[in-house]
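Read the structure below first, then the notes.
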Amino acid sequence: MKPFQGIFGQEAAGALLFAAVESGRLAHAYLLAGPEGCGRLSMALDLAACMICPEEEAGFCGDCRHCSRIFSLSHPDVRLTIPRTAQTTPEEEAALLEARAADGVTPLRFPGNTGTGIGQIREIEARLSRKSFEGRGHVEIILDAHLMRREAANALLKTLEEPPEHTLLILTTSYLSGILPTVRSRAHCVRLGSLAPGLVEEVIARRTSLDPEAARELALAAGGSPGKALAMAARWEGEGENRAPGLLRLLAESRDQEKLLEAAGDLVRELGRDGLLSLCDDMACAVQDARRVLAGRAPIRPGVVSTGGFTDAFLAEVQENFFRCGVRLRANVSPAMALEAAMLSLGENGRE
Ligand SMILES: [Zn+2]
């Protein structure tokens, strides 16, 4: 199987990596940088399979026991490091990986203010110091590398500089400027881009049951990220806890700044940075639905957003504010500041 083929819209990056695989000149460390949901993990797994699969010279077969475990995120020598909180348990980690392997869209993120700590880097070092289980080498994938704490990043430098033999390190990030220059300079950076809305629409149409019009709106809301669009579609189609409708209602009804500040504080405490990022996506879905109803169309998720009492100007402002909130959160602005800015700066004229 030719690697990097199934990663929609990333043909340039794929061609670059394939050339390295084909000529047997894979670097020992890659930094895959691109917006959330653009295919960074898929690319990392293809790279891992290229190194581990014994069936193909330049590529991977896709169905040997190595390949199947790599793509179900359960290969003992292909390990993922996910930013976590002090409370995250190994069971939660296993459950998250299982959920992602099953649906292909669950974001590999924990709620709360997560980071990759020095303990996790020590775990990587310990694994690399042992023989690989299957004797085909080690692949370590460090997700959201911009969330590595400083001491963790510094601890990783030595391994990045001189990795043990038969080791491939892959870092992914959606925020390249959040990576320490010392880390960046030791890894081969591959940039992945956003997709044109038309391409994202195609991915959604292929993988969900949403109608074409909904797929188009979702593609626009997801800003060029198929992964994000699919995750939003899953939230749109699924049940799950969704705080967006309640928050939308609160924003529409309350002019009391104290009350809004308090609500923002509660959300920050409960959800943390990553949970707030999901909330921003949920707000985008909720607003989209409310606007559809205002325009006399059926909501994509009927019965979730109670639509009375919103004006289009208000909804447009909420959409803009929460889009900005997401950008700020990804740029490591404090979650409280980002959310307060989104909630407290809504003009009065948009409300009823
Ligand atoms: Zn294989």
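The single condition from (1) buried (at least 16 other Cβ atoms within 10 Å of the Cβ); (2) more than 18 Å from the chain's Cα centre (by Cα); (3) more than 16 Å from the ligand (Cβ to nearest atom) that residue 21 fails is (3). Counting only strands (runs of 3 or more DSSP E) that fall entirely inside the stretch 120-231 and contain at least 2 residues that are over 16 Å from the mean Cα position of the chain (by Cα) and surrounded by fewer than 17 Cβ atoms within 10 Å (Cβ to Cβ), the qualifying elements are 188-191. The number of residues in the stretch 73-92 that are modelled with pLDDT under 95 and polar (S, T, N, Q) comes to 4. Report yes if residue 45 is within 16 Å of the ligand (Cβ to nearest atom), modelled with pLDDT of 95 or more and within 30 Å of residue 235 (Cα to Cα), otherwise no. Answer is yes for this residue.
Is it the case that residue 95 is surrounded by fewer than 14 Cβ atoms within 10 Å (Cβ to Cβ), away from the ligand (no atom under 13 Å from the Cβ), in a helix (DSSP H, G or I) and at pLDDT below 95? Against the criterion (surrounded by fewer than 14 Cβ atoms within 10 Å (Cβ to Cβ), away from the ligand (no atom under 13 Å from the Cβ), in a helix (DSSP H, G or I) and at pLDDT below 95), residue 95 qualifies.
Restricting the stretch 57-69 to residues that are surrounded by fewer than 24 Cβ atoms within 10 Å (Cβ to Cβ) and touching a helix residue (DSSP H, G or I) at 6+ places or on another chain (Cβ under 8 Å) leaves a set whose member that is nearest to residue 200 (Cα to Cα) is 62. Taking the condition β-branched (Val, Ile, Thr), surrounded by fewer than 16 Cβ atoms within 10 Å (Cβ to Cβ) and more than 16 Å from the ligand (Cβ to nearest atom), does residue 89 pass? When the stated conditions are applied, residue 89 passes them.
The values are calculated or read from the model by the stated rules, or taken from the named source; none is laboratory data. None of these values were measured; they are calculated from a predicted model. Ideal geometry is used to build each Cβ from the backbone, glycine not excepted, and the neighbour counts take in all protein chains shown.
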